[in-house]
Amino acid sequence: MGHMDHAAFGWLTPVLSYAMACTGSALGLRCTVRGLDATGRSRRNWLLAASSALGTGIWTMHFVAMLGFGVTGTEIRYDVPLTILSLLVAMAVVGVGLFTVGYGRHRRRALAVGGLTAGFGIASMHYLGMAALRLHGQVRYAPAVVALSVVIGVIAATAALGAALSIRSPVAVAVASLVMGGAVSSMHYTGMMAVSVSVTPSAVALPGATAMQFIFPLAVGLGSYLFLTAAFVALSPMSGRSEASTPSRLPAEGVAR
């Protein structure tokens, strides 16, 4: 059994990954709030931006945390196509959840379906990312802990979408993003608790790229995208509707605008 280290660089990767999760959550929630205040093409565009931000934030959180992951007795490589697929899946499935809420006719049903879909998107990204690991040995999972991590992901996504439907002020969005960032990080590290590795020493070169060759540059690029997009959203003018108007975008059983 290989000894696993989840924080090879100390607190740097856990703290930085949490910051990425919070940034993506804040940007995604803010874009969702804008989208739910808008109509037509504008609503679609804001929800697409929210999907991109949330998916990117979740992916970046995961792989920044994985920069600190190591197993004694083996090197670690990453399958590049599968890693990129995990990013696309995160954005696509989270997007389905956001669009379900954005265009759903019934608030509670849309929130339940959207939260479930987005939560499975978070979990799918995590375990696709883990499937991209290449090492000398075999990775196993504890099913009960895996199930717990998926539940945490669904709860985090549902809470975030519920917040987007209920809050309007930037301060409330900031608080909600801190909570969601913590939930996404908790889902990641809960999922990592499910992992065990049986190392099989070998001199054969592993396929794929190292974290510093591939994960680190991509994470830096996506992190820069998040911060630049956050600045753009913060500086973009609000729609004609006031931030102080009615807190709920969708009536309990009404039709979305």
| message | Within the stretch 201-211, does at least one residue satisfy the condition of being within 16 Å of LEU135 (Cα to Cα), free of Cβ contacts under 8 Å to residues at least 60 places away in the same chain and over 16 Å from the mean Cα position of the chain (by Cα)? | response | yes
| So how many residues does the stretch 36-51 have that are without any contact (Cβ under 8 Å) to a residue 40 or more places away in the chain and crowded, with 22+ Cβ neighbours inside 10 Å? | 1
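Is it true that LEU85 is part of a helix (DSSP H, G or I), surrounded by fewer than 19 Cβ atoms within 10 Å (Cβ to Cβ) and at pLDDT 90 or above? Before you say what the answer is, go through the steps one by one.
Values: part of a helix (DSSP H, G or I): yes; surrounded by fewer than 19 Cβ atoms within 10 Å (Cβ to Cβ): yes; at pLDDT 90 or above: yes.
Yes: the conditions hold for LEU85.
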| field | Residue identified as farther than 30 Å from GLU75 by Cα and modelled with pLDDT under 90 among GLY181, GLY102 | value | GLY102
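Restricting attention to the stretch 147-168, which residues are at pLDDT below 85 and either open to solvent by less than 50 Å² (accessible area, probe 1.4 Å) or not polar (S, T, N, Q) (or both)?
Initially, the stretch 147-168 is screened for residues at pLDDT below 85, giving 156-157, 159-168.
ALA156, ALA157, ALA159, ALA160, LEU161, GLY162, ALA163, ALA164, LEU165, ILE167, ARG168 - these are the residues of the stretch 147-168 that are at pLDDT below 85 and either open to solvent by less than 50 Å² (accessible area, probe 1.4 Å) or not polar (S, T, N, Q) (or both).
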| note | Taking the stretch 93-105 and the residues there that are open to solvent by 60 Å² or more (accessible area, probe 1.4 Å) and not charged (D, E, K, R), the one that is farthest from SER42 (Cα to Cα) would be VAL96
| message | Checking PHE9 against (1) under 30 Å from VAL199 (Cβ atoms); (2) open to solvent by less than 20 Å² (accessible area, probe 1.4 Å); (3) among the hydrophobic types (A, V, I, L, M, F, W, C), only one condition comes out false. Which one? | response | (2)
| query | Is it the case that some residue within the stretch 27-35 is among the basic types (Lys, Arg), without any contact (Cβ under 8 Å) to a residue 60 or more places away in the chain and open to solvent by 10 Å² or more (accessible area, probe 1.4 Å)? | reply | no
| field | Any hit, the stretch 66-73, residues being surrounded by 24 or more Cβ atoms within 10 Å (Cβ to Cβ), in contact (Cβ under 8 Å) with a residue 24 or more places away in the chain and in contact with a helix residue (DSSP H, G or I) (Cβ under 8 Å, 6 or more places away or on another chain) | value | yes
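The values are calculated or read from the model by the stated rules, or taken from the named source; none is laboratory data. This one's a predicted model, so the numbers in the text were calculated from it and none came from an experiment. Cβ atoms come from the backbone with ideal geometry, glycine included; neighbour counts cover every protein chain shown. The area values use the complete protein model at the heavy-atom level, side chains included, leaving out ligands, DNA and RNA. Shrake-Rupley method; radii C 1.70, N 1.55, O 1.52, S 1.80 Å.
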